[in-house]
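What follows is a short report on a single structure.
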Amino acid sequence: MAEYDIIIIGSGPAGLTAAIYAGRALVKTLVIAGRLSGGQLMLTSGVENFPGFSNGIQGPDLMQEMRKQAERFGAEIVDEDAESVTFSRRPFQVVADGKVYTSKAVIIATGSSAKWLGLPSEEKLRGRGVSSCATCDGYFFREKRVVVVGGGDTAMEEALFLTKYATEVVVIHRRQALRASKITQNRALAHAKIKFVWDSVVEEVMGQQKVEGVKVRNVKTDEVSIVPCDGVFVAIGFQPNTKIFEQQIALDEKRYIATKAGTRTTVEGIFVAGDVHDYKYRQAVTAAGEGCKAAMDALAYLEQKEVTVTAREK
(Lines give C-alpha, C1' and ligand atoms only; values in the text may rest on other atoms or scores of the structure.)
Protein backbone atom coordinates (compact mmCIF):
# COMPACT_ATOMS: atom_id res chain seq x y z
CA MET A 1 0.00 0.00 0.00
CA ALA A 2 1.51 3.32 -1.10
CA GLU A 3 0.85 6.35 1.11
CA TYR A 4 0.61 9.98 -0.03
CA ASP A 5 -0.47 13.34 1.31
CA ILE A 6 -2.58 14.27 -1.74
CA ILE A 7 -3.86 12.03 -4.51
CA ILE A 8 -5.08 13.75 -7.67
CA ILE A 9 -7.34 11.69 -9.91
CA GLY A 10 -7.14 12.99 -13.47
CA SER A 11 -4.44 14.55 -15.64
CA GLY A 12 -6.08 17.29 -17.66
CA PRO A 13 -5.39 21.00 -17.03
CA ALA A 14 -7.15 20.85 -13.65
CA GLY A 15 -5.34 17.79 -12.36
CA LEU A 16 -1.87 18.78 -13.56
CA THR A 17 -2.19 22.35 -12.27
CA ALA A 18 -3.20 20.94 -8.89
CA ALA A 19 -0.14 18.68 -9.06
CA ILE A 20 2.14 21.64 -9.78
CA TYR A 21 0.86 23.54 -6.74
CA ALA A 22 0.86 20.54 -4.44
CA GLY A 23 4.33 19.53 -5.57
CA ARG A 24 5.74 22.99 -5.01
CA ALA A 25 4.36 22.86 -1.46
CA LEU A 26 6.68 19.88 -0.87
CA VAL A 27 3.92 17.44 0.05
CA LYS A 28 3.97 13.90 -1.28
CA THR A 29 1.69 14.01 -4.31
CA LEU A 30 0.41 11.30 -6.64
CA VAL A 31 -1.42 11.87 -9.93
CA ILE A 32 -3.46 8.92 -11.16
CA ALA A 33 -3.43 10.06 -14.75
CA GLY A 34 -5.41 7.36 -16.53
CA ARG A 35 -4.32 5.23 -19.46
CA LEU A 36 -5.46 8.00 -21.80
CA SER A 37 -3.86 10.86 -19.93
CA GLY A 38 -4.15 14.55 -20.71
CA GLY A 39 -7.91 15.04 -20.88
CA GLN A 40 -9.86 16.47 -23.80
CA LEU A 41 -6.99 18.69 -24.93
CA MET A 42 -5.36 15.55 -26.28
CA LEU A 43 -8.11 15.64 -28.93
CA THR A 44 -7.64 19.33 -29.75
CA SER A 45 -5.27 20.13 -32.59
CA GLY A 46 -4.64 23.81 -31.81
CA VAL A 47 -5.12 25.86 -28.64
CA GLU A 48 -5.04 29.61 -29.15
CA ASN A 49 -6.92 30.85 -26.08
CA PHE A 50 -4.61 29.58 -23.32
CA PRO A 51 -2.64 32.55 -21.97
CA GLY A 52 1.08 32.64 -22.58
CA PHE A 53 1.23 31.19 -26.09
CA SER A 54 1.04 34.08 -28.54
CA ASN A 55 1.28 31.75 -31.54
CA GLY A 56 -0.94 29.06 -30.07
CA ILE A 57 0.07 25.54 -29.08
CA GLN A 58 -1.04 22.04 -29.95
CA GLY A 59 -3.28 20.51 -27.30
CA PRO A 60 -1.07 17.43 -26.70
CA ASP A 61 2.03 19.66 -26.51
CA LEU A 62 0.41 21.84 -23.85
CA MET A 63 -0.49 18.82 -21.76
CA GLN A 64 3.01 17.38 -22.13
CA GLU A 65 4.53 20.65 -20.89
CA MET A 66 2.15 20.74 -17.92
CA ARG A 67 3.02 17.14 -17.09
CA LYS A 68 6.76 17.87 -17.20
CA GLN A 69 6.21 20.86 -14.92
CA ALA A 70 4.29 18.74 -12.39
CA GLU A 71 7.03 16.10 -12.44
CA ARG A 72 9.69 18.76 -12.05
CA PHE A 73 8.10 19.73 -8.72
CA GLY A 74 8.07 16.16 -7.50
CA ALA A 75 4.59 14.88 -8.33
CA GLU A 76 4.54 11.17 -9.08
CA ILE A 77 2.38 10.14 -12.04
CA VAL A 78 0.83 6.74 -12.63
CA ASP A 79 -0.62 6.14 -16.10
CA GLU A 80 -3.45 3.87 -14.95
CA ASP A 81 -7.19 4.35 -14.55
CA ALA A 82 -8.64 4.74 -11.07
CA GLU A 83 -10.83 1.67 -10.62
CA SER A 84 -12.47 2.38 -7.26
CA VAL A 85 -12.30 4.76 -4.31
CA THR A 86 -13.15 4.57 -0.62
CA PHE A 87 -14.00 7.93 0.92
CA SER A 88 -15.91 6.63 3.95
CA ARG A 89 -12.80 6.18 6.10
CA ARG A 90 -9.39 7.75 6.51
CA PRO A 91 -6.90 7.60 5.05
CA PHE A 92 -8.78 7.71 1.76
CA GLN A 93 -8.16 4.85 -0.64
CA VAL A 94 -7.86 4.83 -4.42
CA VAL A 95 -7.32 1.61 -6.37
CA ALA A 96 -5.60 1.73 -9.77
CA ASP A 97 -4.49 -1.33 -11.73
CA GLY A 98 -5.17 -3.46 -8.65
CA LYS A 99 -2.82 -1.43 -6.44
CA VAL A 100 -4.11 0.43 -3.38
CA TYR A 101 -2.98 4.01 -2.80
CA THR A 102 -3.91 5.99 0.33
CA SER A 103 -3.88 9.71 1.04
CA LYS A 104 -4.92 12.33 3.54
CA ALA A 105 -6.70 14.43 0.89
CA VAL A 106 -7.98 13.76 -2.63
CA ILE A 107 -8.58 16.09 -5.57
CA ILE A 108 -11.03 14.78 -8.16
CA ALA A 109 -10.23 16.12 -11.64
CA THR A 110 -11.54 13.38 -13.91
CA GLY A 111 -13.26 15.79 -16.31
CA SER A 112 -16.14 15.01 -18.61
CA SER A 113 -16.36 13.23 -21.91
CA ALA A 114 -18.09 14.46 -25.03
CA LYS A 115 -20.78 12.18 -26.37
CA TRP A 116 -19.84 11.13 -29.88
CA LEU A 117 -21.79 9.67 -32.77
CA GLY A 118 -19.81 6.45 -32.68
CA LEU A 119 -18.75 6.49 -36.33
CA PRO A 120 -15.33 5.16 -37.39
CA SER A 121 -15.01 8.08 -39.82
CA GLU A 122 -15.75 10.53 -37.00
CA GLU A 123 -13.03 9.03 -34.81
CA LYS A 124 -10.56 9.02 -37.71
CA LEU A 125 -11.00 12.76 -38.33
CA ARG A 126 -11.11 14.03 -34.75
CA GLY A 127 -8.77 16.98 -34.54
CA ARG A 128 -8.79 17.24 -38.34
CA GLY A 129 -12.13 18.94 -38.72
CA VAL A 130 -14.20 16.97 -36.22
CA SER A 131 -14.57 18.71 -32.86
CA SER A 132 -16.79 18.82 -29.79
CA CYS A 133 -15.91 22.38 -28.75
CA ALA A 134 -16.74 25.46 -30.80
CA THR A 135 -15.12 27.78 -28.27
CA CYS A 136 -11.89 25.80 -28.59
CA ASP A 137 -11.80 25.30 -32.35
CA GLY A 138 -14.22 27.74 -33.98
CA TYR A 139 -11.46 30.21 -34.81
CA PHE A 140 -9.91 27.68 -37.23
CA PHE A 141 -13.03 27.75 -39.41
CA ARG A 142 -13.03 31.37 -40.47
CA GLU A 143 -14.82 31.81 -43.80
CA LYS A 144 -15.65 28.07 -43.83
CA ARG A 145 -18.87 26.07 -43.92
CA VAL A 146 -19.44 23.93 -40.85
CA VAL A 147 -21.97 21.39 -39.59
CA VAL A 148 -23.33 21.15 -36.04
CA VAL A 149 -24.94 17.87 -35.00
CA GLY A 150 -27.59 18.09 -32.28
CA GLY A 151 -30.73 19.94 -31.27
CA GLY A 152 -30.35 20.85 -27.60
CA ASP A 153 -29.03 23.92 -25.84
CA THR A 154 -25.41 22.84 -26.34
CA ALA A 155 -25.90 22.47 -30.09
CA MET A 156 -27.63 25.82 -30.49
CA GLU A 157 -25.04 27.62 -28.39
CA GLU A 158 -22.28 26.03 -30.50
CA ALA A 159 -24.07 27.01 -33.73
CA LEU A 160 -24.57 30.60 -32.61
CA PHE A 161 -20.95 30.90 -31.51
CA LEU A 162 -19.70 29.52 -34.83
CA THR A 163 -21.55 32.22 -36.78
CA LYS A 164 -18.78 34.59 -35.65
CA TYR A 165 -16.38 32.74 -37.92
CA ALA A 166 -18.14 30.51 -40.43
CA THR A 167 -19.84 31.65 -43.61
CA GLU A 168 -22.64 29.14 -42.96
CA VAL A 169 -23.58 26.80 -40.11
CA VAL A 170 -25.72 23.78 -41.00
CA VAL A 171 -27.50 22.18 -38.03
CA ILE A 172 -28.39 18.52 -38.51
CA HIS A 173 -31.03 17.24 -36.08
CA ARG A 174 -32.73 13.87 -35.95
CA ARG A 175 -36.12 15.39 -35.11
CA GLN A 176 -38.39 18.02 -36.62
CA ALA A 177 -38.21 20.25 -33.55
CA LEU A 178 -35.34 21.48 -31.41
CA ARG A 179 -34.95 20.48 -27.76
CA ALA A 180 -33.16 23.70 -26.76
CA SER A 181 -34.75 26.34 -24.56
CA LYS A 182 -37.21 28.57 -26.39
CA ILE A 183 -35.08 31.70 -26.27
CA THR A 184 -32.04 29.86 -27.64
CA GLN A 185 -34.16 28.19 -30.32
CA ASN A 186 -35.56 31.51 -31.45
CA ARG A 187 -32.11 33.07 -31.74
CA ALA A 188 -30.81 30.17 -33.82
CA LEU A 189 -33.87 29.90 -36.03
CA ALA A 190 -33.77 33.62 -36.79
CA HIS A 191 -30.04 33.76 -37.57
CA ALA A 192 -29.30 34.31 -41.26
CA LYS A 193 -26.15 32.16 -41.18
CA ILE A 194 -27.78 29.09 -39.62
CA LYS A 195 -29.58 26.53 -41.80
CA PHE A 196 -31.34 23.36 -40.62
CA VAL A 197 -31.55 19.81 -41.91
CA TRP A 198 -34.43 18.17 -40.05
CA ASP A 199 -35.28 14.53 -39.34
CA SER A 200 -31.77 13.49 -40.29
CA VAL A 201 -28.73 11.72 -38.89
CA VAL A 202 -25.08 11.77 -39.92
CA GLU A 203 -24.01 8.35 -41.18
CA GLU A 204 -20.47 9.19 -42.27
CA VAL A 205 -17.94 11.99 -42.00
CA MET A 206 -16.32 12.27 -45.41
CA GLY A 207 -12.68 13.01 -46.16
CA GLN A 208 -9.30 11.33 -45.92
CA GLN A 209 -6.92 13.81 -44.29
CA LYS A 210 -9.53 16.41 -43.31
CA VAL A 211 -13.30 16.84 -43.26
CA GLU A 212 -14.84 17.42 -46.66
CA GLY A 213 -18.49 16.77 -45.91
CA VAL A 214 -21.02 14.51 -44.19
CA LYS A 215 -23.33 11.82 -45.50
CA VAL A 216 -26.80 12.39 -44.09
CA ARG A 217 -29.81 10.06 -44.00
CA ASN A 218 -33.38 11.27 -43.52
CA VAL A 219 -34.90 9.04 -40.81
CA LYS A 220 -38.39 9.31 -42.30
CA THR A 221 -37.69 8.77 -46.00
CA ASP A 222 -34.29 7.01 -45.86
CA GLU A 223 -33.09 9.44 -48.51
CA VAL A 224 -29.32 9.91 -48.40
CA SER A 225 -27.64 13.21 -49.26
CA ILE A 226 -24.22 14.83 -48.99
CA VAL A 227 -23.66 18.08 -47.11
CA PRO A 228 -20.28 19.60 -48.11
CA CYS A 229 -18.48 21.22 -45.18
CA ASP A 230 -15.05 21.93 -43.71
CA GLY A 231 -15.82 21.08 -40.10
CA VAL A 232 -18.19 18.98 -38.00
CA PHE A 233 -19.05 19.94 -34.43
CA VAL A 234 -20.71 17.13 -32.50
CA ALA A 235 -22.91 18.74 -29.85
CA ILE A 236 -25.05 15.99 -28.40
CA GLY A 237 -23.91 16.59 -24.84
CA PHE A 238 -21.26 15.72 -22.29
CA GLN A 239 -21.15 13.17 -19.52
CA PRO A 240 -19.08 13.65 -16.36
CA ASN A 241 -16.57 10.93 -15.52
CA THR A 242 -18.06 10.18 -12.11
CA LYS A 243 -19.03 6.50 -12.23
CA ILE A 244 -16.51 5.33 -9.63
CA PHE A 245 -17.65 8.08 -7.22
CA GLU A 246 -21.39 7.30 -7.30
CA GLN A 247 -21.60 5.56 -3.92
CA GLN A 248 -18.83 7.58 -2.30
CA ILE A 249 -19.74 11.24 -2.71
CA ALA A 250 -22.74 13.41 -3.53
CA LEU A 251 -23.50 14.08 -7.19
CA ASP A 252 -25.95 16.64 -8.55
CA GLU A 253 -28.95 15.94 -10.77
CA LYS A 254 -26.73 15.85 -13.84
CA ARG A 255 -24.31 13.37 -12.19
CA TYR A 256 -21.58 15.98 -11.79
CA ILE A 257 -19.68 16.23 -8.48
CA ALA A 258 -21.65 18.40 -6.06
CA THR A 259 -19.81 21.12 -4.16
CA LYS A 260 -20.51 22.86 -0.84
CA ALA A 261 -18.22 25.86 -1.23
CA GLY A 262 -15.61 26.52 -3.88
CA THR A 263 -13.73 23.29 -4.54
CA ARG A 264 -14.96 21.53 -1.39
CA THR A 265 -17.23 18.52 -1.84
CA THR A 266 -19.69 16.94 0.60
CA VAL A 267 -16.89 14.79 2.05
CA GLU A 268 -14.35 16.68 4.14
CA GLY A 269 -10.89 16.30 2.66
CA ILE A 270 -12.14 15.58 -0.86
CA PHE A 271 -11.86 18.44 -3.36
CA VAL A 272 -12.87 18.85 -7.00
CA ALA A 273 -11.66 20.84 -9.99
CA GLY A 274 -12.49 21.19 -13.67
CA ASP A 275 -15.15 19.75 -15.93
CA VAL A 276 -16.16 16.94 -13.58
CA HIS A 277 -18.23 19.53 -11.76
CA ASP A 278 -18.22 22.50 -14.16
CA TYR A 279 -20.65 21.97 -17.04
CA LYS A 280 -20.89 25.68 -17.92
CA TYR A 281 -17.42 26.89 -18.92
CA ARG A 282 -15.49 23.73 -19.85
CA GLN A 283 -12.30 25.60 -20.78
CA ALA A 284 -8.68 24.67 -20.23
CA VAL A 285 -7.93 27.95 -18.50
CA THR A 286 -10.89 27.72 -16.09
CA ALA A 287 -10.00 24.11 -15.30
CA ALA A 288 -6.40 25.12 -14.60
CA GLY A 289 -7.61 27.91 -12.31
CA GLU A 290 -9.77 25.47 -10.39
CA GLY A 291 -6.87 23.05 -10.14
CA CYS A 292 -4.88 25.80 -8.45
CA LYS A 293 -7.72 26.54 -6.03
CA ALA A 294 -8.30 22.87 -5.24
CA ALA A 295 -4.63 22.34 -4.41
CA MET A 296 -4.54 25.41 -2.20
CA ASP A 297 -7.74 24.31 -0.45
CA ALA A 298 -6.34 20.81 0.07
CA LEU A 299 -3.10 22.20 1.49
CA ALA A 300 -5.05 24.50 3.81
CA TYR A 301 -7.15 21.53 4.92
CA LEU A 302 -4.04 19.50 5.81
CA GLU A 303 -2.64 22.46 7.75
CA GLN A 304 -5.94 23.15 9.51
CA LYS A 305 -6.27 19.53 10.57
CA GLU A 306 -2.64 19.63 11.67
CA VAL A 307 -1.95 16.62 9.54
CA THR A 308 1.71 15.67 9.45
CA VAL A 309 2.73 15.69 5.82
CA THR A 310 5.47 13.68 4.24
CA ALA A 311 8.00 16.44 3.55
CA ARG A 312 10.25 16.05 0.54
CA GLU A 313 13.61 17.58 -0.10
CA LYS A 314 13.77 20.27 -2.79
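The values are calculated or read from the model by the stated rules, or taken from the named source; none is laboratory data. Predicted model, so just to flag it, every value in this text is computed and none were measured. Every residue, glycine among them, receives a Cβ derived from its backbone with ideal geometry; neighbour counts consider all protein chains shown.
Among what's in region 253-266 and is in contact (Cβ under 8 Å) with a residue 12 or more places away in the chain and outside any strand (DSSP E or B), pick the residue that is farthest from Val106 (Cα to Cα).
Lys254
Contact annotation: residue pairs with Cβ atoms under 6 Å, 6 or more positions apart or on different chains, pairing a residue in region 267-279 that is touching a residue at least 24 places away in the same chain (Cβ under 8 Å) with a partner that is of a type in the set (D, E, K, R), are Phe271/Asp297; Ala273/Glu290; Gly274/Glu290; Asp275/Arg282.
May I ask you to verify whether Asp252 is at positive phi and either surrounded by fewer than 17 Cβ atoms within 10 Å (Cβ to Cβ) or in contact with a helix residue (DSSP H, G or I) (Cβ under 9 Å, 6 or more places away or on another chain) (or both)? Quick ask: steps written out before the conclusion?
Values: at positive phi: no; either surrounded by fewer than 17 Cβ atoms within 10 Å (Cβ to Cβ) or in contact with a helix residue (DSSP H, G or I) (Cβ under 9 Å, 6 or more places away or on another chain) (or both): yes.
No: the conditions fail for Asp252.
Taking region 235-262 as the range and being closer than 18 Å to Ile32 by Cβ and touching a strand residue (DSSP E or B) at 6+ places or on another chain (Cβ under 7 Å) as the test, the residues that pass are Pro240, Asn241, Thr242, Ile244, Phe245, Gln248, Ile249, Ile257. Selection of region 229-239 for residues being part of a loop (DSSP other than H, G, I, E, B) and of a type outside the set (D, E, K, R) yields Cys229, Ala235, Ile236, Gly237. Of everything in region 263-281 that is in contact with a strand residue (DSSP E or B) (Cβ under 7 Å, 6 or more places away or on another chain) and not hydrophobic (A, V, I, L, M, F, W, C), the residue that is surrounded by the fewest Cβ atoms within 10 Å (Cβ to Cβ) is Thr266. Would you check if Gly237 is under 15 Å from the mean Cα position of the chain (by Cα) and on the phi > 0 side of the Ramachandran plot? Answer is yes for this residue. The requirement of being closer than 24 Å to Lys104 by Cβ and not hydrophobic (A, V, I, L, M, F, W, C) is fulfilled somewhere in region 52-70, by at least one residue.
Within region 57-85, the set of residues being on the phi < 0 side of the Ramachandran plot, of a type outside the set (Val, Ile, Thr) and outside any helix (DSSP H, G or I) comprises Gln58, Phe73, Ala75, Glu76, Asp79, Glu80, Asp81, Ala82, Glu83, Ser84. Hey, among the residues in region 149-175 that are acidic (Asp, Glu) and either more than 19 Å from Lys280 (Cβ to Cβ) or surrounded by fewer than 23 Cβ atoms within 10 Å (Cβ to Cβ) (or both), which one's farthest from the chain's Cα centre (by Cα)? The selected residue is Glu168. Looking across region 269-288, the residues that are of a type outside the set (A, V, I, L, M) and over 12 Å from Gly12 (Cα atoms) come down to Gly269, Phe271, His277, Asp278, Tyr279, Lys280, Tyr281. For region 228-238, check the following and say yes or no: at least one residue is surrounded by 20 or more Cβ atoms within 10 Å (Cβ to Cβ), of a type in the set (D, E, K, R) and either under 22 Å from Gly46 (Cα atoms) or touching a Pro at 6+ places or on another chain (Cβ under 6 Å) (or both). There is no residue in region 228-238 that is surrounded by 20 or more Cβ atoms within 10 Å (Cβ to Cβ), of a type in the set (D, E, K, R) and either under 22 Å from Gly46 (Cα atoms) or touching a Pro at 6+ places or on another chain (Cβ under 6 Å) (or both). Against the conditions (1) under 18 Å from Trp116 (Cα atoms); (2) in contact (Cβ under 8 Å) with a residue 40 or more places away in the chain, Gly213 satisfies every one except (2).
The combined condition, being of a type in the set (S, T, N, Q), surrounded by fewer than 22 Cβ atoms within 10 Å (Cβ to Cβ) and in the same structural domain as Gln40 (by TED's automatic domain parsing), is fulfilled by Thr86.
With respect to the conditions (1) in contact with a Lys or Arg (Cβ under 7 Å, 6 or more places away or on another chain); (2) without any contact (Cβ under 8 Å) to a residue 60 or more places away in the chain, Met206 falls short on a single one, namely (2). Tell me, please, whether a residue that is on the phi < 0 side of the Ramachandran plot, modelled with pLDDT under 95 and either assigned to a loop (DSSP other than H, G, I, E, B) or not assigned by TED's automatic domain parsing to the domain that holds Gly129 (or both) can be found in region 150-169. Yes: region 150-169 contains one or more residues that are on the phi < 0 side of the Ramachandran plot, modelled with pLDDT under 95 and either assigned to a loop (DSSP other than H, G, I, E, B) or not assigned by TED's automatic domain parsing to the domain that holds Gly129 (or both). Residues that are in the same structural domain as Pro120 (by TED's automatic domain parsing), without any contact (Cβ under 8 Å) to a residue 12 or more places away in the chain and over 20 Å from Gly237 (Cα atoms): does region 191-199 have at least one? Scanning region 191-199, I find at least one residue that is in the same structural domain as Pro120 (by TED's automatic domain parsing), without any contact (Cβ under 8 Å) to a residue 12 or more places away in the chain and over 20 Å from Gly237 (Cα atoms), so the answer is yes.
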